[in-house]
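Just below is one structure, and these are the notes that go with it.
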Amino acid sequence: MGLLGTVPAAAEEGAQRFALVVGSNHGAAGSPDLLYARDDAALVQRVLGEVGGVAEGDRVLLADPDPGTFRRALQALERRIDAANAEGRPTQLVLYYSGHATTRGLELGQALLPLDELKTALRDSHAGLRLAVIDACYSGAIARLKGSKPAEAFPLALDDRLDLLDRGVSGYAILTSSSAHEVSQESDLLGGSVFTHHVLAGLRGDADYTGDRRVTLGELTTYAYERSAPADEAWPQEQHPTIDLGLRGSGDPVLTDLTEADAVLLLPPALEGNVVVVHRGGGYLLAELDKRPGLARTLAVEAGALDVYVRDPDGVRVASLELARGETRDAGDATFTPVEQVAVRRKSRHGEVAVGLGVQGLAYLSPTVRTALVKPLPLLELGAEWHPSDRWGGYALLRLAGGTGGQTVHVGGRAIDQQVSTLGAVAGGGWEWWWRSLRASPWGAAGVMWVARRFSAVHDAQPGDFAAQDSVQALVEGGLTLGWAPVRFGSLSLTGALGYTPFRQDVTSVHQGYGRFGLRADVWF
């Protein structure tokens, strides 16, 4: 799911940098839609503009392009690169791709852009330095076309980096999010690709191991590998970034220069825990990192209103800051206040199933039906939902509901004691929105309902006047579910629905509406 690289002025004086940034949520038929590829691309473009030395007019952002659009954009940048070269300016090309891929190519919509074509385009570009980061499943195959090596084997000692920063580096470097045999991962918790999430935090300064306020290719590669590779409960599959180097000259290309930042946030050595920086004005995540004690960090951030969250064993604290353009602020001087930890349900791209049990009340809307046929009846409901993607999106549902109860109804002035039993099944779908741990979901369904009436006593009538009645009725219904997920694996919901069914009375069908309302508890798998 991503590609990236830049070399600011510190790496080569007077160089003009160009960037093609691509995010594609949609892949070929059979590939589930990604949730955050386009968002990742937009965030990468921001970083390239803020601290990557790429001017606004020199970077192109593509959302869900087809291969033709991709090729034309790259060709247009090549023409601009040729023009800059003709004027004697050093040039550099940055490519970022976030989306689906196979071992054969990048999935741009329903079409495939072959990996060997992309590799050739990077190798043959007239830019002096070409840097790419590809964040996609099996993206290591592009490096395998001409050999590759694990990122942890990047042949550059960080302690020697300052001695190698010269102005003579040329060629290409391709950093990929996974090996040729691995899938890359998205996270609802991070709101993006796992690999790109770490790349962005690293570029903003968390990968600045030497503290010189510059992040190099070697630093970023090591940083991304350390944070993307492990498999654990949160990220169940291992993911190993790989790198393919075709560089000439001795040097470690600088990717971002923190001295060019819009604003700077300092994390002091005493600060410890998981730190999340959110741009409150824009509503997007700037950086998330694990801050170790005794180690200072400098983060390039956008000016404006920021919320800095720190999570440690004692809980979660937040500080709200206002940073002016050009300002440097020490987070250690901010006032942090405790906040309630909100459990957010996480869901993988491969789907999640909710199974629930609830109690409801069923009532027909017509007063005549409630008086003469069936009074309100309690129901027990068993339901299942399949959520194929994000917590914002569509889902499928299947629900079974049944109930029984003794009633007295009145027909033609006569009181009738009856036992009513019902069993129904519906299938349908809905759309859900989540805000923190709260859920709102309209839905619709269709199905059948069986209703049985057994008469135990008919006052002022002969027993043979009323026979047992059974009917099977088609129904359609729509409703609204309001839920609360206090823990990641469970939720409580209030559900209301209105439906329509032809209620059969003897040989006559009476078209009636009904309503259901109840409480349900769900367990998420």
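The values are calculated or read from the model by the stated rules, or taken from the named source; none is laboratory data. Model, not experiment: these values are computed from the prediction. Ideal geometry is used to build each Cβ from the backbone, glycine not excepted, and the neighbour counts take in all protein chains shown.
Miscellaneous remarks
- Residue match in segment 196-207 (condition: modelled with pLDDT under 75, buried (at least 24 other Cβ atoms within 10 Å of the Cβ) and in contact with a helix residue (DSSP H, G or I) (Cβ under 7 Å, 6 or more places away or on another chain)): no
- Scanning segment 427-437 finds one or more residues that are more than 25 Å from the chain's Cα centre (by Cα), assigned by TED's automatic domain parsing to the domain that holds Y500 and under 19 Å from V353 (Cα atoms).
- Among residues of segment 208-237, those that are modelled with pLDDT under 90 and in a loop (DSSP other than H, G, I, E, B), counted: 12
- So D333, is it out of contact with any Asp or Glu (no Cβ under 6 Å at 6 or more places or on another chain) and at pLDDT below 90: no
- Residues being at pLDDT 90 or above and not hydroxyl-bearing (S, T, Y) - total across segment 484-512: 6
- Counting only strands (runs of 3 or more DSSP E) that sit wholly inside segment 21-135, those with at least 1 residues that are β-branched (V, I, T) and touching a residue at least 60 places away in the same chain (Cβ under 8 Å) are 91-98, 129-135.
- So S456, is it of a type in the set (S, T, Y) and closer than 30 Å to P486 by Cα: no
- Among the residues of segment 372-381, at least one is surrounded by fewer than 17 Cβ atoms within 10 Å (Cβ to Cβ), under 15 Å from G424 (Cα atoms) and either among the basic types (K, R) or modelled with pLDDT of 85 or more (or both).
- Scan of segment 255-291 for residues that are at pLDDT 85 or above and either among the acidic types (D, E) or not in a strand (DSSP E or B) (or both), ordered by number: D257, L258, T259, E260, A261, D262, P268, P269, A270, L271, E272
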